Amino acid sequence: MKFGLKIALSLLLSMCIGGDILAQKTETQYLSGRGKDNTTLWDFYVTEGRQAGSWTKIPVPSNWEMQGFGKYNYGFNKEENKGKESGRYKHTFVLDKSWKGKKVNIVFEGSMTDTEVKINGKLAGEIHQGSFYVFRYDISDLVQYGKTNILEVNVAKHSANKSVNAAEREADYWIFGGIFRPVYLEAIPKDHIARVSLDAKADGSFRAKIRTEGTADRVRMQLYDDQGNAYGSAIEQQLNGTEAWLDATFSNPRLWSSEFPNLYRAQFTLLRKGKTLHQIEQKLGFRTVEVRERDGVFINGVKIKFKGVNRHSFHPESGRTTSKEISVHDVKLMKEMNMNAVRMAHYPPDNHFLEACDSLGLYVMNELAGWHGHYDTQVGSKLLREMMVVSENNPSIIFWANGNEGGHNPELDTIFFEEDLQKRPLIYPWAVYGGFETTHYREYNYGIGTYDHGHNIVMPTEFLHGMFDGGHGAGIEDYWKAMWANPLSAGGFLWDFQDQGVVRTDKQDSIDTDGNHGADGIVGPYYEKEGSFFTIKEVWSPIFFEKREMTKDFDGAFHIENRYSFTNINQCTFSYELRKLGRFGEDKNSQTGTVVSPDIKPYDRGILKVNFPTDWRSYDALYITAKDVNGLEIYTWSFPIIRPATTAEQLITVGNGTIQVSEEANSHVIKANGITYRINKTTGLLEQVDNAKGRIPFSNGPVLQEAVNNFKGFTITEESDKVIIASTFDKKESYNTLRWEISASGQLKMHVQYFPEAYFTRFVGVNFSFPEDQIKGVEYLGMGPYRVWKNRMKGNQFGVWKKDYNDVATGEVPFQYPEFKGYHSNMYWTEFITKEQSFKVFTDREDVFLRLFTPKEQKDTDWKNMEPTFPNGDISFMNGISAIGTKTQKPETTGPMGMKHVYYDFEKEPIRALHMILYFDFSGE
C-alpha cells in the first residue's frame, strides 16, 4: 500500500509540475490545416462564379479558385477587380476548459482580403483589410469553454478600401481569394510576453526590447546554441511598467551569414516574485548589416554582392497556399543556383519561408505589399506593424522594401525606422532612394553618367526579365562581369524564380500562365529547370575558373578566384574525372581522383593544382567538381581534351572501291559504296542523297547565311580514291567557294570558304533543308544538353548527348526541357536519327554551332525586343549565332555578348575567309 501510494503521489506531483510548465507556455490549437498538403474542411459558400449560391465544403487553408469556386482573374483584368466576389466560411470548435482564465486569440496568418470574423454570432473586432499579414483577435470573452463554438468568417476577394486593391489586387500576378494561410487559436497567460524585438551584432553585443501585459516584475533571457547548450550567462532585468530592455555582450559568437547561417535560441522568461508566469523562445543570429554611403552593403564587415531572385508564394495546384516543405525546397533550389539572396515579391511571405532562409542561409528583402499603387497611410501603418511583429527578428532579413515600382507610400517610412530595432536599410524598388539606385530592367549601358560613373549603390531589384528563353541566363554573364567589377554595385535580383502557371480546374486541369504574363520563371510551375538555371549556376558560382585550354604542356594548375564572402576555398572539396567518350551512356573508361583544396581567402586568387596521371591526354574530357562546406555541389566544370580534328580523323573512312561518275541534265551523279549523290552543276548544292535503305531527306545545301551565294564555275575532277567538285575563286564575282570531295568509302566532305555580307551581322553559317516531320532525335558530341544563345553560352557540359525530338515553347505547357530545337555549341559530331534511318555529320573545325530547326514561339509574346532570330533552312552549321533579348530589352542592350558579330574584309582573299568544313556519313551504319 505504501509503495502504491508513493507512485500515486509521484504521478500527481509530475502532473502538477507538467501542468505548471504547460501553463507557462503559449498553447496552440489549429482550426485549419498547416498548409497545402495539410488542410481541414470548413463549410463554405461563394457568392459568384463557379459553385456560387450553395453551401458546401472547402479545405482550409486554400485559395477558393484552386478548389473549384469563384472566378479566376489575373491582376491586369481590371473589370474582374471591380467584382463583389466573396466567400463565407463556417467552422465549429471546442476549447478545453483549462484555457478559461487565459487570453485566447484567434490568429489568421493570411486572408484575401477584407476579413470579418464572428465568434458565436458576435464580431471579434473590426474587419481586417490586407491579404498577406498575420492578424489576431482577442476572443477570450466570446468563446465558451468545454462547449461547441461557432466560427463565421466572411472574406471579400476585393477590398472596400481602394488603396488595398491598388496595392494588392491590381498587379502583375494572379489574384486569388480566400483564407490561404493557417488559422489557429492561442492561449496565453494573462501575464505574458507580448513582443520581443532583438538586435544581435557581429561583435557580440546584444539588445532586446521586451513588451509585456499583466503584472510581472522581471524578465530573464538565456541563450542556447544549436546543440542545446547554454551560451553565456542568463540576463535578468526589472520591468519598467510593461517594458524592459536587456543588454549584454557575448564572446566570440558564431556569426550568421548566407554561407554560415549559425542560429542561437533565446529563451525569455517572465517572472513575478521569482515565479515563472510565461516563457517563449526566439531564434536569432548574430550579424551586422551596414550600408556605407557611396560604397556598398556590408554584412559582418564584408562588402556583399547580392546574387538574388524575386519569388512569389506560389504552387500551381494551390495558388498562394504553400507549406513548410515548399519553402525549404525553394530555398534549396535557389542555393543550388549559387544564389545568396531573395526578394519577397510583392508582399511578405509565409513565416516558414523566412525560417528556411534563416536556417539554410539566404539574405532576404522583405516587402510591404504594393505594385504600382500603395496602401493609404491608415491601413498601411497597421499592416506594416503587423509585418514587423512577425518578421523583425529573422536574421535573414537584410532589407525592408516599401512597396514596388511606384507603390511607395513615403508617409510610412518613419514607421520602418521606428519599429525596427536593428535599423535595417529601407529600399524603394525601381527608384533612387536611401543611397540606392534600384532601377528595373536597366540596359547594360544604362545611364552612362549616373550608373557606371554615378554615386549611388547600384542594386536593381528586378533585372533580366525571364520571358521565353531570354532573360535570366541570356545576358547575365555580361551583367555579372560589370557588377563584379563595379565597386558601387551590390548585385541585383532576377525576375523571377518560378513560372506562375495555375492548374485550371475549369479547363480540364490545364496549366494557365495568362498568356505570357506569368511565364517569367527560371523554373517551371513544377520546378522544371530551363537552360538558364544552369547558366546562373555557373556564372554565380562562388568559385570562378579562369579560362583554360587543355594543351600538351598543361601542368594541371588552374587559376581560380574565391568569390565567397566568408568561406576559405580550403573549406570546400574538389574532385576530378577523366573520361573517354563513346556513344551516349557508354562507359568506355574513366579515372577519378581528389584534388587538394588550396588555401585561398575570400576575394583572393590562387591555384587549384590537379595532379593528373601520366596518361591524362589519352582521355577525351576532364570534369572538375567543387562542393561547398555542406558537401553540396557548387558546379562541375568540363574541359575538352580531345579536339575536333582528332575526332574527325577517327571517323574518316577512305575505302578502296570504285567511284562512278555520271551526269544528268542539271546534276552530277556520283555513286560510291552504295551511296548516290546528286549535286547541282550550276549552284553546287547537294540536291539528293540515297543509300541502300532509301532516300535521306537532307538536301539543298550549303546555302550561305548572311553571305552572298555566289559559287560559280564548278569543275569536276576524278582521282583514284575520290571525286572533287569545286567552284572557281574570283575576287569580284565568286569570292565565296565550295568544294565537295566524295571518297571511295562513300563519305562526303564539304569545305566552304566565305565572307559575311555585312560588317555587323546576327549570324553566319550554312543551311540545309530537312523536313521536320522526319526527325526523331539526335545524338551529338559537344556542349549540352541545353541550347545556347550568343549571350548565353555558360551552363552546359562537354560530352555526348542524346535528345529526342520535341516541339515545345519555353514557358508553356508541357514545360519540357531541354528544348530540342535551337542552337547547340561546340559540335564535334552529330548523328541525325530519322524515322527511317540515321546519318552522321562531323567536323575537324573548332567552335562550330549546330542549329536544329526554328524553335516554337511562346504564345502572346511580344517579340520586338527579344528577337530570337534563326537562319533560313532547317539544319544549319554556324560560325556565329544570334543573341536573344528579354521582355524589356533588345539583345544588344544586354551587353557585349548580345551585340551583333563584327566581321570585315578589306581584301577578299581566301586566307581571310571564314571556313566551314563538314564530313557526311550517309552509310546508315
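State, to one decimal in nm, how far the label point of Lys273 lies from the label point of Asp247, with both points 7 Å from Cα in the Cβ direction.
Label at Lys273, label at Asp247, 3.1 nm between them.
So what are the three principal axis dimensions of the stretch 675-734 from its Cα atoms, in whole Å, longest to shortest?
Between the extreme Cα coordinates on each principal axis of the stretch 675-734 lie 43, 32, 14 Å.
Work from the charge dipole of the chain (Cβ charges, +1 for Lys and Arg, -1 for Asp and Glu, about the Cα centre) and give the residue of Ser396, Tyr823, Val723 farthest towards its positive end.
My answer, from the dipole projection, is Ser396.
Can you give me the C-alpha center-to-center distance between the stretch 141-213 and the stretch 696-746, rounded to a whole angstrom?
Using only Cα atoms, the two centres lie 75 Å from each other.
How far is helix 351-360 tilted off the main Cα axis of the chain, in degrees rounded to 10, range 0 to 90?
60 degrees
What does the extension gain come out to for Glu317 and Asp138, with contour length at 0.36 nm per residue minus their alpha carbon separation?
61.1 nm
Determine the percent antiparallel among the DSSP beta bridges restricted to the stretch 294-539, to the nearest 5.
Taking every DSSP beta bridge with both residues in the stretch 294-539, the antiparallel ones total about 30 percent.
Looking at the stretch 802-849, which chymotrypsin sites (Phe, Trp or Tyr not before Pro) are DSSP coil and have at most 15 other C-beta atoms within 10 Å of their C-beta?
Hits after loop and neighbour filter: nothing returned.
Given a cut-off of 18 Å, what percent of all Cα-Cα pairs of the stretch 192-284 lie beyond it?
42 percent
Would you mind giving the three semi-axes, in whole Å and largest first, of the ellipsoid equivalent to the stretch 796-861 according to its Cα gyration tensor?
That gives 24, 15, 11 Å for the three semi-axes.
Ignoring everything except DSSP H segments at least 4 long, calculate the 222 nm mean residue ellipticity for the chain; use -39,500 (n - 2.57) per segment, divide by total residues, nearest 500.
Estimated from H runs of four or more residues: -3500 deg cm²/dmol.
Using only the alpha-carbon atoms of the stretch 526-653 as identical scatterers, what base-10 log of I(q)/I(0) does the Debye formula give at q = 0.10, 0.23 Å⁻¹?
Those come out to -0.37, -1.42, one per q.
Taking K and R as +1 and D and E as -1, what net charge do the other residues with C-beta under 11 Å from the C-beta of Glu336 add up to?
Summing Lys and Arg as +1 and Asp and Glu as -1 gives +1.
Based on alpha-carbon centroids, what's the gap between the stretch 264-314 and the stretch 789-823 in Å, whole number please?
41 Å
How far apart, in nm, are the 7 Å Cα→Cβ label points at Lys97 and Glu909?
10.6 nm
Report the percentage of all Cα-Cα pairs in the stretch 700-790 whose separation exceeds 19 Å, rounded to a whole percent.
Cα-Cα pairs in the stretch 700-790 separated by more than 19 Å: 58 percent.
Taking the dipole about the Cα centre of the chain, with the C-beta of Lys and Arg at +1 and of Asp and Glu at -1, give me whichever of His915, Phe798, Ala187 is farthest to the positive side.
So the residue we want is Ala187.
Over the alpha carbons of the stretch 732-862, what is the largest minus smallest coordinate on each principal axis, giving the biggest first in Å?
Principal-axis extents of the stretch 732-862 (Cα, largest first): 48, 39, 28 Å.
Net charge around Ala557, counting only other residues with Cβ within less than 10 Å of its Cβ (Lys, Arg = +1; Asp, Glu = -1)?
+1
At most 14 other Cβ atoms within 10 Å and a DSSP loop assignment: could you name the trypsin sites (Lys or Arg not before Pro) in the stretch 128-194 that fit?
Those satisfying the criteria are Lys147, Lys190.
Tell me, what is the FRET efficiency for Val596 and Trp484 to the nearest 0.05, using R0 = 25 angstrom and their Cβ-Cβ distance as r?
Once the sixth-power term is evaluated, E becomes 0.40.
If I fit a long axis through the Cα atoms of helix 476-485 and take the longest principal axis of the Cα atoms of the chain, what angle between them do I get, 0 to 90°, rounded to 10?
Result, in degrees: 70.
What FRET efficiency comes out for the pair Thr636/Lys507, r = Cβ-Cβ distance, R0 = 51 Å, nearest 0.05?
Efficiency, from the Cβ-Cβ distance: 0.80.
Rounded to the nearest 0.05, what FRET efficiency do Lys122 and Arg207 give with R0 = 45 Å and r taken as the Cβ-Cβ distance? Could you check?
Approximately 0.65, to the nearest 0.05.
Checking a compactness column here: for the chain, what do you get for Rg(Cα) / (2.2 N^0.38 Å), N being the number of residues?
1.13
What spacing in nm lies between the two simple spin-label points modelled at Met550 and Thr614, each 7 Å away from Cα in the Cβ direction?
Distance between label points: 2.0 nm.
Neighbouring Cβ atoms within 10 Å as the yardstick, rank Ile58, Ile536, Ile600 fewest first.
Ile600, Ile58, Ile536
For the peptides 677-690, 44-57, what is the packing order when you average, over each peptide's residues, the other Cβ atoms within 10 Å and list the highest mean first?
677-690, 44-57
Let me check I've understood the local charge: for Lys749, count other residues with C-beta under 10 angstrom from its C-beta, Lys and Arg +1, Asp and Glu -1. What total comes out?
0
Two decimals is fine: what is log10 I(q)/I(0) at q = 0.11, 0.13, 0.20, 0.23 Å⁻¹ for the stretch 434-534, from a Debye sum with one equal scatterer on every Cα and no solvent?
-0.41, -0.53, -0.95, -1.13
Hey, if you put +1 on the Cβ of every Lys and Arg and -1 on every Asp and Glu Cβ in the stretch 471-606, which of Ser489, Gly606, Phe566 ends up farthest toward the positive end of that dipole?
Gly606
Return the ratio Rg/(2.2 N^0.38 Å) for the stretch 23-188, where Rg is computed over Cα atoms only.
1.04
What dipole magnitude, in Debye to the nearest 20, does the stretch 644-752 give about its Cα centre under +1 on Lys/Arg Cβ and -1 on Asp/Glu Cβ?
It comes to approximately 140 debye.
With +1 on the Cβ of every Lys and Arg and -1 on the Cβ of every Asp and Glu, and nothing else charged, how large is the dipole of the chain about its Cα centre, in debye rounded to the nearest 20?
2240 debye
Since every read-out is calculated from the coordinates, none of them should be taken as a lab result. Just so it is clear, the structure is predicted and the values come from calculations on it, not from any experiment. When we count neighbours, we look across all protein chains shown, and the Cβ atoms used for this are built from the backbone with ideal geometry, even at glycine.
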